[in-house]
1. Listed residues THR115, THR88, THR168, THR121; which is near the ligand (Cβ under 10 Å from one of its atoms) and more than 12 Å from the chain's Cα centre (by Cα)?
2. Which one of LYS45, LYS36 is among the basic types (Lys, Arg), loosely packed, with under 15 Cβ neighbours inside 10 Å and free of Cβ contacts under 8 Å to residues at least 60 places away in the same chain?
3. Does ASN99 fit the bill of being of a type in the set (S, T, N, Q), surrounded by 17 or more Cβ atoms within 10 Å (Cβ to Cβ), touching a residue at least 24 places away in the same chain (Cβ under 8 Å) and within 16 Å of the ligand (Cβ to nearest atom)?
4. Could you say which residue among ALA148, ALA125 is assigned to a helix (DSSP H, G or I) and within 21 Å of ALA64 (Cα to Cα)?
5. List pairs: first residue in region 145-162 and within 15 Å of the ligand (Cβ to nearest atom), second residue assigned to a helix (DSSP H, G or I) and of a type in the set (Gly, Ala, Ser) anywhere in the structure, Cβ distance under 6 angstrom, at least six positions apart or on different chains.
6. Taking the condition without any contact (Cβ under 8 Å) to a residue 24 or more places away in the chain and exposed (fewer than 15 other Cβ atoms within 10 Å of the Cβ), does ASN113 pass?
7. Of all residues in region 66-81, how many are under 22 Å from LYS41 (Cα atoms) and more than 13 Å from the chain's Cα centre (by Cα)?
8. Within region 154-169, count every residue that is surrounded by 14 or more Cβ atoms within 10 Å (Cβ to Cβ) and either touching a His at 6+ places or on another chain (Cβ under 8 Å) or not in a loop (DSSP other than H, G, I, E, B) (or both).
Amino acid sequence: MSLDVNLLRETFERAKVENGGATALGLRFYERLFEKYPSVKPLFKTPPEEQHKKLMASVSAIVAAVEKPDVLVPYLHAMGIRHLEYKTENAHYPAVAENLLAVLSEHLSKEGNWTEEMKATWKAALEVVNGVMIEAADSPDKYKEELASKGFEPNGFKKNDPRPWVLTP
Ligand code: HEM
């Protein structure tokens, strides 16, 4: 696997400042997602103008915690289980990863470079994220105790926290 943590961080730092920053990247993510994969559009009830902020905060949290599996893994388990409520299917995950890779490539190519190494690192990271989310979505009952120990309900949400995607290690 070619997951280069430094490269992952550097590229995301660049993405946050180049070419309109995270807002432009996040908005483009949903624009392209709905163009390429129109069947997922009805699942989204929150408008892209709001939704993109959650996605970007979550990607940012994942990148920050990538070397802390004890923090990251339960966070991703909870997120995978929450996605069941959004009627997400396992087959959607590769599409979302493909879309994120494509928009990152577009975004970072405008002002700088997007290399094969960057692509390989992001692809590897997204495969891990997808795998861990899907694992929990497939067997939510297995993760009840782990989730409880991190303050999550069995459905992956948090009782008094409307922003469960924010990660506070
Ligand atoms: C890399 C994997 C993914 C990440 C990081 C991610 C991130 C997020 C975040 C942060 C939220 C906000 C709500 C919450 O945290 O519970 C969310 C909601 C949502 N996600 Fe994902 N997601 C991923 C994969 C997917 C996939 C594969 C689908 C399938 C289409 C999907 C569809 C949705 C939907 C429908 C919502 C609810 C939107 C609404 O409020 O209407 N996500 N996602």
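Taken together, the values in this text are just the output of simple stated rules run on the coordinates, not laboratory data. All figures in this text were calculated on a predicted structure; none of them were measured in a lab. For neighbour counting, all protein chains shown are included, and Cβ atoms are generated from backbone atoms with ideal geometry for every residue, glycine included.
1. Working: THR115 fails: near the ligand (Cβ under 10 Å from one of its atoms); THR168 fails: near the ligand (Cβ under 10 Å from one of its atoms); THR121 fails: near the ligand (Cβ under 10 Å from one of its atoms).
When all the criteria are applied, what remains is THR88.
2. Selected residue: LYS45, the only one of LYS45, LYS36 that is among the basic types (Lys, Arg), loosely packed, with under 15 Cβ neighbours inside 10 Å and free of Cβ contacts under 8 Å to residues at least 60 places away in the same chain.
3. yes
4. Of the residues listed, the single one that is assigned to a helix (DSSP H, G or I) and within 21 Å of ALA64 (Cα to Cα) is ALA125.
5. LEU147/ALA78; PHE152/ALA78; GLY156/ALA78
6. yes
7. Result for region 66-81: 1.
8. Total meeting the criteria: 2.
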